[in-house]
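Structure first, commentary second.
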Amino acid sequence: MILKTRLAGHTYEFKSVKEVMAKANEQKSGDILAGIAAESDSERIAAKEVLANLLMSDLRNNPAVDYDIDDVTRMDQDGVNASVYNRIKNMTVGEFREWILDYNTKEDDLKAISKGLTAEMIAGVTKLMSNLDLVYAANKIRIHSTCNTTAGIRGTFSTRLQPNHPTDDIEGITASLFEGLSYGCGDMLVGLNPVNDTISSCSEILKRFHEVKTKWQIPTQNCVLAHITTQIEAVKQGAPTDLIFQSIAGSQKGNEAFGFTTDIIREADALLRVKGTAKGENVLYFETGQGSELSSNAHYGADQVTMEARCYAYAKQFKPFMVNTVVGFIGPEYLYDSKQVIRAGLEDHFMGKLTGIPMGCDCCYTNHMLADQNDLEILTLSLAAAGCNYVIGVPASDDVMLNYQSNSYQDAAAVREILGLRPIREFEIWLEKMGIMENGKLTPIAGDASIFSGKGGF
């Protein structure tokens, strides 16, 4: 298949839909590293023009990874609603973009159409959108999910409280947890990345989280982000767990590189429905990030955005409580600078929403990337305006265990006040009871973690 267009007196030819998709992507250092990126802005524009004139069916019929060798492709393709797909299969990708952005296209329309989309179709239309397009389109959609509380309701903006510690010291973790709670963080999740991926360490931290949540009657969810197999064994041994976590990729090979299979996810989901501590039906947590498939040589020559969209198609099959892209964590080899990180965060959030999953973002960057806290704050505010379910909160924006920068405990409060957003309602009521929040704003005692020591502490 030769796809071509003429631009400014030059004819550009592309050998496949996969090549068009890669070269239509906004510049990403990972695509350059993989040798698939457009060689010039002119070639990128030409690829976008060709992409805009492809039919939506062309994207479905050319998945990034062959159906016969990849369970992500099979699950995505087999899950398409035929009648919905038939409504849009003969639209061009450009026409589909215009329909999404049309003022008369509402939330219910977008949720209905998502049932007829594959990951490649979603990735394709994303490549034709500006950053503002991505914010505007994503803002139309809200995806609700329920664990102990219900997240994603319009008007809310939540946080995952991440009290990581460089040695998994339980008292240090608890101190950071109390500090985060005192700033109004944690309504989405209290979730820690462990240093020690052992059953005993995972269990000890889960028990402490459960003790704090129970003693202070905090309406939230808890999780320790150990490997999925470690968490499964901890739950089997009685560790109190609301959610089980796993990082996922956009191909079966990528998931195998992460050390799990689809059957293991199904085992975790079934286990929590019997031995978990959650009240609701959504009990899984997934993280993604552009470039992970390239790092494990599991991208099959496809670009980062397309592979990321496939992560969301995979996540959708399991009805998770929460998904987030850890957007700048892998480093400049995949997203070189703040411009690429901001673009990727907006792309990922929109793609997750259009897929139909409850989407958040870890607005982050590594210290060897050309980015700083000002860039991160622009992304955070843009995502909140786009209706992002949640962001991460760490002490002073600095995760001393993972050695990267993210949102501080204070950031969410500022964003909520600017945009008129609130925490999850049950959590807000709890904050008001504790004296931490009043009328949607933090009170003078916010940030004083000593309020948790008056009844015994830990």
**OP:** Name the long-range amide H neighbours of N222: under 5 Å, sequence gap of 5 or more, or other chain; modelled H, no Pro or chain starts.
**Re:** V190, D242, L243
Original post:
What are the residues whose amide H is under 5 Å from the amide H of S247, where those residues sit 5 or more places off or on another chain and H is modelled from the backbone?
Top reply: E287
**OP:** May I ask for the net charge around I205, where only other residues with Cβ less than 11 Å from the Cβ of I205 are counted and Lys, Arg are +1 while Asp, Glu are -1?
**Re:** -2
**OP:** Multiply the residue separation of S453 and S200 by 0.36 nm, subtract the distance between their alpha-carbon atoms, and state the gained length in nm to one decimal.
**Re:** 88.4 nm
**OP:** Bin all alpha-carbon pair distances of the range 390-458 at 5 Å intervals from 0 and give each bin's fraction as a whole percent.
**Re:** 4, 15, 21, 24, 19, 13, 5, 0
**OP:** Provide, in order from the shortest bin, the percent of all Cα-Cα pairs of the range 112-177 in each 10 Å bin, continuing until the bin that contains the maximum pair distance.
**Re:** 15, 28, 29, 18, 11
**OP:** List, largest first, the extents of the alpha carbons of the range 245-312 along their principal axes, each in whole Å.
**Re:** 41, 18, 13
Original post:
Taking Cα pairs under 8 Å and at least six residues apart, what relative contact order does the chain come out at, in percent?
Top reply: 19 percent
Subject >> Pairwise Cα inverse-distance average, inverted: Kirkwood Rh of the range 106-145 (Å) >> reply: 11.0 Å
Subject >> Loop-located chymotrypsin sites (Phe, Trp or Tyr not before Pro) in the range 73-116, at most 16 other Cβ atoms within 10 Å (DSSP) >> reply: Y103
**OP:** With the full set of protein chains in place, find how many percent of the accessible area of the range 1-67 is carbon and sulfur; take the probe as 1.4 Å.
**Re:** 47 percent
Original post:
With a ≥ b ≥ c the root eigenvalues of the C-alpha gyration tensor of the range 1-90, is it rounded (a/c under 1.5), prolate (a/b larger than b/c) or oblate?
Top reply: oblate
Original post:
So what is the calculated 222 nm ellipticity per residue for the chain, using -39500 (n - 2.57) for each DSSP H run with n of 4 or more, over all residues, to the nearest 500 deg cm²/dmol?
Top reply: -13000 deg cm²/dmol
Original post:
Hey, rough spin-label estimate for D102 and Q27, points 7 angstrom out along Cα→Cβ, what's it come to in nanometres?
Top reply: 3.5 nm
Original post:
Given the range 62-190 reduced to its alpha-carbon atoms as identical point scatterers, what log10 I(q)/I(0) does the Debye formula return at q = 0.09, 0.22 Å⁻¹?
Top reply: -0.44, -1.25
Subject >> Cα-derived Rg to Rh of the range 321-365, Kirkwood definition >> reply: 0.99
**OP:** Could you list which residues have their amide H under 5 Å from that of F14, counting only those 5 or more apart in sequence or on another chain, with H placed in the peptide plane?
**Re:** L3, K4
Original post:
How big is the Kirkwood radius of the chain, worked out from every pair of different alpha carbons and given in Å to one decimal?
Top reply: 22.2 Å
Subject >> the range 236-362 pair-distance distribution - Cα-Cα, 5 Å bins, rounded % >> reply: 2, 12, 21, 22, 19, 12, 7, 4, 1, 0
Original post:
By how many nm would the segment from R266 to S16 lengthen if fully extended, with 0.36 nm per residue of separation less the alpha-carbon distance?
Top reply: 86.5 nm
Subject >> Heavy-atom accessible surface of the range 142-282: percent carbon and sulfur, 1.4 Å >> reply: 51 percent
Original post:
So what's the range 296-339 giving for Rg/Rh, alpha carbon basis, Kirkwood Rh from the mean inverse pair distance?
Top reply: 1.01
**OP:** Specify the longest stretch of the chain that does not include any exposed loop site, a site being one of the GluC sites (Glu not before Pro) with a non-H, G, I, E, B DSSP assignment and at most 14 other Cβ atoms within 10 Å.
**Re:** 40-280
Original post:
When the C-alpha atoms of the range 165-324 are aligned to their principal axes, what extent does each axis show, in angstrom, from largest down?
Top reply: 50, 31, 26
Subject >> Translational D in µm²/s for the range 144-252 (Stokes-Einstein at 37 °C, 0.692 mPa s, Kirkwood Rh from C-alpha pairs) >> reply: 229 µm²/s
**OP:** List, in order, the whole-Hz ³J(HN,Hα) value for each residue of the range 57-64 obtained from phi through the Karplus relation with A = 6.51, B = -1.76, C = 1.60 and θ = phi - 60°; use x for Gly and Pro.
**Re:** 5, 4, 6, 5, 7, 10, x, 5
**OP:** Please give the length that would be gained between N53 and I445 if that part of the chain were fully extended, namely 0.36 nm times their separation in residues minus their C-alpha to C-alpha distance (nm, one decimal).
**Re:** 135.4 nm
Subject >> Mean separation of Cα contacts under 8 Å (6+ apart) over length of the range 69-169, as relative contact order % >> reply: 26 percent
**OP:** Using only the Cα atoms of the range 42-89, each taken as one equal point scatterer with no solvent, compute I(q) by the Debye sum, divide by I(0), and report log10 of the ratio at q = 0.16, 0.25, 0.26 Å⁻¹.
**Re:** -0.58, -0.94, -0.96
Original post:
Once the convex hull of the C-alpha atoms of the range 175-238 is built, how many Å³ does it hold per residue, rounded to a whole number?
Top reply: 84 Å³
Subject >> Charge-dipole axis of the range 132-266 as Lys and Arg at +1 and Asp and Glu at -1 on Cβ define it, positive-most pick from L161, G250, G172 >> reply: G250
Original post:
Rounded to a whole number of µm²/s, how large is the Stokes-Einstein D of the range 207-248 at 25 °C and 0.890 mPa s, given Rh as the Kirkwood radius over C-alpha pairs?
Top reply: 226 µm²/s
Original post:
Spin-label point model (7 Å from Cα, Cβ direction): what's the D66 to I429 distance in nm?
Top reply: 5.6 nm
Original post:
If you wrap the range 324-441's Cα atoms in a convex hull and average its projection over all directions, what's the area in nm²?
Top reply: 7.6 nm²
Subject >> the range 305-458: relative contact order as a whole-number percent, Cα under 8 Å and 6+ apart >> reply: 18 percent
**OP:** Taking 7 Å along the Cα-to-C-beta vector as the label spot, tell me the D398-L370 distance in nanometres, rounded to one decimal.
**Re:** 2.5 nm
Subject >> Solvent-accessible area per residue, Å², over the chain with all protein chains present [probe radius 1.4 Å] >> reply: 37 Å²
Subject >> Accessible area of D66 in the full protein assembly, 1.4 Å probe (Å², nearest 10) >> reply: 100 Å²
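The values are calculated or read from the model by the stated rules, or taken from the named source; none is laboratory data. All figures in this text were calculated on a predicted structure; none of them were measured in a lab. Every residue, glycine as well, gets a Cβ built from its backbone with ideal geometry; the counts of neighbours run over all protein chains shown. What goes into the accessible areas is simple: the full protein's heavy atoms, side chains included, and nothing from ligands, DNA or RNA. Shrake-Rupley method; radii C 1.70, N 1.55, O 1.52, S 1.80 Å.
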